There are 2 protein chains.
Amino acid sequence: MKYTIGLDYGTNSVRALIVNVATGAEVGSAVHVYSHGKDGVILSSDPNLARQHPADYLEGAEITIKAALKAAVKTVRGFKPSQVVGIGVDTTGSTPLPVDQDGVALAMTKKFAKHPAAMAWLWKDHTGVEEAGEITALARKMRPQYLDKCGGIYSSEWFFSKVLHCLRTSPEVFDAATTWVEIADWIPAMLTGTQKPGAYKASVCAAGHKAMYNDDWGGYPDVKFLAKLDPKLAQLRKQLPVKAYDVSEPAGCLTEDWARKTGLTAGIPVAVGAFDCHLGAVGSGIVPGRLVKTIGTSTCDLMVATADRKLADIPGICGIVKGSVLPGCYGLEAGQSAVGDIFNWFVNYIEPYGKMGGHAHLTKEAAKLKPGASGLLALDWNNGNRTVLVDQRLTGLLVGQTLYTTPAEIYRALIEATAFGALTIINRFEAHGVTVKEVVNCGGIAEKNPLVMQIYADILGRPMKVSRSAQTCALGSAVAAAVVAGAHPNVASAQKAMTGLKAVVYSPDPAAHAVYQQVYEQYRELHDAFGTATWKGNLHGVMKQLIAIRNQART
Amino acid sequence: MKYTIGLDYGTNSVRALIVNVATGAEVGSAVHVYSHGKDGVILSSDPNLARQHPADYLEGAEITIKAALKAAVKTVRGFKPSQVVGIGVDTTGSTPLPVDQDGVALAMTKKFAKHPAAMAWLWKDHTGVEEAGEITALARKMRPQYLDKCGGIYSSEWFFSKVLHCLRTSPEVFDAATTWVEIADWIPAMLTGTQKPGAYKASVCAAGHKAMYNDDWGGYPDVKFLAKLDPKLAQLRKQLPVKAYDVSEPAGCLTEDWARKTGLTAGIPVAVGAFDCHLGAVGSGIVPGRLVKTIGTSTCDLMVATADRKLADIPGICGIVKGSVLPGCYGLEAGQSAVGDIFNWFVNYIEPYGKMGGHAHLTKEAAKLKPGASGLLALDWNNGNRTVLVDQRLTGLLVGQTLYTTPAEIYRALIEATAFGALTIINRFEAHGVTVKEVVNCGGIAEKNPLVMQIYADILGRPMKVSRSAQTCALGSAVAAAVVAGAHPNVASAQKAMTGLKAVVYSPDPAAHAVYQQVYEQYRELHDAFGTATWKGNLHGVMKQLIAIRNQART
């Protein structure tokens, strides 16, 4: 029997998962919460700032691989670490970090050990809002093709916004860096000793979706364009890799040092990295027509389309990148900047119901409520809007409060808001010719919260399927590992053997769907009124309509 | 030494206050929370419904008068109940109740003891929303002068909306009632044994502000108008009093029975009743140019204008009624449907910060925040909007939430929202020629919460003065009692002797005011967008502007 390891770097923790390449059986797993910051995230008084310490990634790999191996030994009689034939890595992103001429993260040097700008700029760091606007404006004028492939707006969550913001606000860090590397590249590079700039293999998933990389125009944005933003960015361009690869490509082989530290065999291949949700989609058996939603702190929505078809650009989605999910297919990424994070905010910051609070209690109470009966409607923008507005200068909104509004009603409204956001994304895909034939959900929330899944089914008006694995991202990484290790000839074959769906399917309730369609009309009004510059009208009917729906639902 | 008693019937409790008519010294006081319902209010699954049991009013009078007398005996050496020479009564309103041919409240008869429609329909009961719309529409067509005096819209909080709603939805109660009486009339009538329909004296404050009573058109709305709403309403018209009186008129004399029950002297005069905030304004020394804000669960804003001047009708205010506050002056009423109720909702229903929550903790945390720094903005419409929109089909709204928004930030935003609402009212008064020269606040919140007062000063850009008495409503009732008892020749004289201001004045901070002026622009946008049918535009700038203000405030 052969096994591979999927390493899944999330927002708060890293997971290692050991998977049987023939059956998909998950035989050992371990999770480690990053040591630095609050739940692994370094914050400041600026709510836009979110960083991570790169040392946490390395420490986490060592701890979780060892623990997962130990678990596998307990699960499978006779299991030996030498049966692990490959490693795959998925990470959050865009999460770039500055490195020196040897590929050492600046935050791991003495000089910059505590400098926030020298750390990894986590995907949800929005400090580069102004730079994003600048990049978008320049690209619109000078290189519209760059924008066409990333939904029309370059986001503050992405590579160049962050790098440019560092250049502007912490030049001492920018100047000390030889180059900037996505952690999706840096972690496989560290495992394989290829971290030196020029030596590591870049992920097409990260480069394509977040850094405007495209083989059609010769890779990363050209020097002339970058020079217009800042001559130093044009300098940086020379340090960026020439070519980027999909996950069926090995990044290198595990070093002796890492083999010693973990108990694995030196020389086993490590796949090129990709983003967590992209490999989560692989672990959910993504094929054309299947939308895979990875629902966690944020949501990533992925579709794939065969590369032979003519594909229209879709405004507002985060990217169309060949090879970013499945080799040879276009990967289409969309998503919501916060989903579980919104529920967590309500539980952890607002602490409703006093001691009685928490997700479990709120979910139980929210489940008793009828669609529309609270009269509440929320916008799911506490962390901005990634798709379809691509605007971080948006915030949460709640309307419909009375003097008797309960926390459970608000909690349900927040869930519903994320579902309305999800529906808006599906509508956008379909309006541009990408048909969503089925929806498969994965990630912690899909796994653990049947109420959320039922509300999604009722609001989307479609059955909600759930991926069999509770760790699809790590599983997807293990699938990639199985391909680079030669255990399967290609990703499709590995997916077939290693992935699957749960038996349970959440079916939409027609009555609930009908009510939610009325509420969605009001969501669209608010969405367009607050989110677009072109909407014209007034909102005099919104509160009244919500009251009418509420009164109807309560009788 | 002579004393009078002010009886103050609030939303949750009744208070008796014994006042020295020469000095205003408050020598004895007692409070009793009504026995029925939740904190004295009977609720249902319909959030619009709010009722009270009339037995609570009588029980409360007996308990509090006796207790206040006992307290006075302890405070003043040699105090005797026989030194009490008169009683004044203020109540919430419009809070009408149905009575039989003897003036007995239907809820106090066996048949209707538990029927919600037979109880007192508390001021904040909004079940008559549709009827209010109907009355407004009919008056606009048939009797526009009725609307001109009550701000252009007849509210669901008012007398005929409630009576008509009862007629429509609980005809068995309506048919069993001989007439409907405001508790401002019914309680003095019960104390003086004049409760029989035809025998009691109606309050011009209640009749004028809530039931379209005006001497200029012969009292209550005419039979023809009421018949158009329902022939039974025209029948009811015949049972309503012919004339209504101000508080310098005695309603009658205390009965033997009440004297026995309370220890007071039979035959002492009881003043005609008025609404709590109107007598609160009297107790705050109201004169032309002085806006008195009674800030409690809701807010009542009162101005007076001498009856000799030409006064324009003011759209959106709750009424212009001669004699409703000071005899011989126009009383101008405005208000906010919920203020303290919104803060209470947040503390009691949402229960933020778990065990650490509560007003004291939230106030302490909110006081540490800078104006604009939360990025939050709320609309103070959880209970609808009384002035200037006069629309109960409005609800609360909160915008600007991030993933790090704290309860204290929300709490402060709710306070700010009520201040923005207050500013909107002042602007409306001044836009129609009623100049606000000074603002005097009274009521529990003005008394107890310096943070609220400071935020009001900063948002209104005016000094906030506070009434000396912590019980201005009861004090105002005691002032009225002093006049009907002949202890003072008129209200002005009694006010001079018995009322005053606190030494502390909350002055606006210019820097805070400047920030709040920016936030108020956004408040007005939301106010008009959600609250009026005529606003046209979009709200694309609202979240962005709030973020800009936040970023400015945090640096």
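Numbers for the structure displayed
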quantity	calculated
Copy-to-copy label separations for B:Glu256, where each label sits 7 Å from Cα toward Cβ, in nm and ascending	11.5
Free-standing Cys, chain A [no other Cys Cβ under 4.7 Å]	A:Cys150, A:Cys166, A:Cys205, A:Cys253, A:Cys318, A:Cys329, A:Cys442, A:Cys473
Number of partner chain Cβ atoms within 10 Å, mean per residue of A:389-397	6
Ellipsoid equivalent to segment A:1-117 - semi-axes via the Cα gyration tensor, in Å	32, 14, 12
Gain in span if fully extended, B:Arg554 to B:Glu438, counting 0.36 nm per residue against the direct Cα distance	38.5 nm
Calculated label separations, B:Gly537, copies of the chain, 7 Å along the beta-carbon direction, nm	1.8
Out-of-range pairs (alpha-carbon distance over 22 Å; input A:Lys355/A:Lys465; B:Lys149/B:Lys293; B:Lys149/B:Lys243; B:Lys243/B:Lys293; A:Lys355/B:Lys124; B:Lys201/B:Lys322)	A:Lys355/A:Lys465; B:Lys243/B:Lys293; A:Lys355/B:Lys124
Helix-derived mean residue ellipticity, 222 nm - over chain B, DSSP H n ≥ 4, -39500 (n - 2.57), to 500	-12000 deg cm²/dmol
Cα-based reach from B:Lys232 at 16 Å (exclusive), listing lysines while leaving out same-chain residues under 8 positions away	B:Lys162, B:Lys224
Gap separating the Cα centres of segment B:153-180 and segment B:382-450, nearest whole Å	30
Label-to-label distance, nm, for residues given as A:Ala22 and A:Asn348 (7 Å Cα→Cβ offset)	4.2
Segment B:Ala307-B:Ala533, length gained on full extension (0.36 nm per residue, minus Cα span)	77.9 nm
Contour excess over end-to-end distance, with Cα ends at A:Ala137 and A:Arg260 and 0.36 nm allotted per residue	39.3 nm
Fraction of beta bridges assigned by DSSP in the protein assembly as shown that are antiparallel (%, nearest 5)	75
Sites matching trypsin sites (Lys or Arg not before Pro) across segment B:299-400 that sit in DSSP coil, with at most 16 neighbouring C-beta atoms within 10 Å	B:Arg309, B:Lys310, B:Lys368
Loop-located trypsin sites (Lys or Arg not before Pro) in segment A:1-91, at most 16 other Cβ atoms within 10 Å (DSSP)	A:Lys2, A:Arg77
Cα centroid of segment A:3-52 to Cα centroid of segment B:459-492, whole Å	66
Antiparallel DSSP beta bridges within chain A, percent to nearest 5	70
Segment B:3-275, Rg to Rh (Cα coordinates; Rh as Kirkwood inverse mean 1/r)	0.99
Fraction of beta bridges assigned by DSSP in segment A:3-275 that are antiparallel (%, nearest 5)	70
Averaged over A:527-535, number of beta-carbon atoms from partner chains that fall within 10 Å	4
Label point distance in nm, B:Lys368-A:Lys38, each placed 7 Å from Cα along Cα→Cβ	1.2
Net +/- balance of residues flanking B:Trp123 in space, Cβ distance below 13 Å, scoring K and R +1, D and E -1	-2
Fraction in percent of alpha-carbon pairs per bin - 10 Å, chain B	4, 19, 29, 27, 16, 5, 1
Inter-copy separations for B:Lys2, label at 7 Å along Cα-Cβ, nm, ascending	10.7
Neighbour net charge for B:Gly151 - beta-carbon separation under 13 angstrom, K R +1, D E -1	-1
Cβ-Cβ FRET estimate between B:Thr109 and B:Gln235, R0 fixed at 22 Å, reported to 0.05	0.60
Per DSSP, loop trypsin sites (Lys or Arg not before Pro) in segment A:201-305 with at most 15 further Cβ within 10 Å	A:Lys238, A:Lys243
Footprinting exposure proxy for A:Asp313, A:Asp56 (fewest neighbouring C-beta atoms within 10 Å first)	A:Asp313, A:Asp56
Cβ-defined net charge surrounding A:Ser44, 14 Å radius [Lys, Arg +1; Asp, Glu -1]	+3
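Read-outs: derived from the displayed coordinates by stated rules, not from any lab. Fair warning: this is a prediction, and the values are worked out from it, not measured in the lab. Positions of Cβ are backbone-derived with ideal geometry, glycine not excepted, and every protein chain shown enters the neighbour counts.
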